[in-house]
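The values are calculated or read from the model by the stated rules, or taken from the named source; none is laboratory data. Predicted, not measured: the structure shown is a model, and the values here were computed from it. As a convention, Cβ positions derive from the backbone with ideal geometry for all residues, glycine included, and neighbour counts pool all protein chains shown. Each accessible area value is taken on the protein alone, full model and side chains, heavy atoms only, with ligands, DNA and RNA left out. Shrake-Rupley method; radii C 1.70, N 1.55, O 1.52, S 1.80 Å.
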Amino acid sequence: MSIYLEISENLQKGKAKIVKELVQKAVDDGLSAAQILNEGLLSGMNIIGEKFKNNEVYVPEVLVAARAMNMGMQILKPLLVEDGVQSTGRVCIGTVQGDLHDIGKNLVKMMMEGKGLEVVDLGTDVSPETFIKTAVEQNCQIICCSALLTTTMEVMADVVKCAENAGVRDKVKIMVGGAPVTEEFCAQIGADKYTSDAASAADAAVELCR
């Protein structure tokens, strides 16, 4: 079995310690960091993402797989920077002002990182101004807004307005998601993309960054 496959399979099982050891071994054997990332870690996360979409695995499995991926990334990150490997794109994500729910947001973040995107996590209760300021300063192509309450959904409309007022609406895509959010609502507030689950959100983000 190739070491890439071993990394991928252990990642899917959430064996963080083994993943870290295997990544180190692959690096010591002179394999390229980009290849270890793509054929080992990301390929494993992609499989988890697909299974999650099809309800074959659930949130706990995704969380342990993501933790295993992060352990492998600790070793690869400095090497990828040295090699000048570009991420797929950069995204800032947060739960909107007045809303403290973060499980959905965290899942989306993990899935996006699993697709090779750089994610700036703003946490919960994020004001529209913070979303825009971060996107501009960190050079993000996408702003992702999450809401779990019908009362906080409206803040997403403010994020879109805030981007227009700042004159960056044509430079940054706005994605929305969360239990009460719908395709209709996304269109109504003038956001760019709504997805119903974390794995689809990651796929959509990669497309938007292209």
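Every condition in (1) in a helix (DSSP H, G or I); (2) more than 19 Å from the chain's Cα centre (by Cα) is met by A201 except one, and the failing one is (2).
V81 versus (1) β-branched (V, I, T); (2) farther than 23 Å from A199 by Cα; (3) open to solvent by 20 Å² or more (accessible area, probe 1.4 Å); (4) modelled with pLDDT of 95 or more: which is the lone unmet condition? With respect to (1) β-branched (V, I, T); (2) farther than 23 Å from A199 by Cα; (3) open to solvent by 20 Å² or more (accessible area, probe 1.4 Å); (4) modelled with pLDDT of 95 or more, V81 is out only on (4).
Conditions (1) under 15 Å from K115 (Cα atoms); (2) of a type in the set (G, A, S), marked per residue:
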| residue | (1), (2) |
| --- | --- |
| I7 | no, no |
| D29 | no, no |
| I36 | yes, no |
| G44 | yes, yes |
| I47 | yes, no |
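Scanning segment 24-58 for residues that are out of contact with any Phe, Trp or Tyr (no Cβ under 8 Å at 6 or more places or on another chain), over 19 Å from S87 (Cα atoms) and in a helix (DSSP H, G or I) yields a total of 9. So G116 clears everything in (1) out of contact with any Ser or Thr (no Cβ under 7 Å at 6 or more places or on another chain); (2) among the small types (G, A, S); (3) under 30 Å from G167 (Cα atoms) except one condition, right? Which one? So G116 meets the others, but not (1).
Taken as a whole, the structure places D99 among residues that are over 19 Å from the mean Cα position of the chain (by Cα), surrounded by 20 or more Cβ atoms within 10 Å (Cβ to Cβ) and charged (D, E, K, R).
So which residues in segment 147-205 are open to solvent by 60 Å² or more (accessible area, probe 1.4 Å), charged (D, E, K, R) and over 16 Å from T130 (Cβ atoms)? Passing the criteria: E154, E164, D170, K171, K173, E183, E184, D192, K193. Residues being closer than 26 Å to G40 by Cβ and open to solvent by less than 60 Å² (accessible area, probe 1.4 Å) are represented in segment 128-142 by at least one member. Please find, within segment 77-101, the residue that is farthest from A179 (Cα to Cα) out of those that are without any contact (Cβ under 8 Å) to a residue 24 or more places away in the chain and assigned to a loop (DSSP other than H, G, I, E, B). That would be G84. Can you confirm whether E21 is part of a helix (DSSP H, G or I) and open to solvent by 20 Å² or more (accessible area, probe 1.4 Å)? Yes, satisfied. Restricting segment 102-123 to residues that are over 12 Å from the mean Cα position of the chain (by Cα) and surrounded by 17 or more Cβ atoms within 10 Å (Cβ to Cβ), which is farthest from V168 (Cα to Cα)? Among those that are over 12 Å from the mean Cα position of the chain (by Cα) and surrounded by 17 or more Cβ atoms within 10 Å (Cβ to Cβ), it is D102.
Evaluated against (1) in contact (Cβ under 8 Å) with a residue 40 or more places away in the chain; (2) open to solvent by 60 Å² or more (accessible area, probe 1.4 Å); (3) more than 30 Å from V172 (Cα to Cα), A16 falls short on exactly one condition, (2).
For segment 167-175, indicate whether the set of residues that are among the hydrophobic types (A, V, I, L, M, F, W, C) and either within 25 Å of E50 (Cβ to Cβ) or over 20 Å from the mean Cα position of the chain (by Cα) (or both) is non-empty. Taking every residue of segment 167-175 in turn, at least one turns out to be among the hydrophobic types (A, V, I, L, M, F, W, C) and either within 25 Å of E50 (Cβ to Cβ) or over 20 Å from the mean Cα position of the chain (by Cα) (or both).
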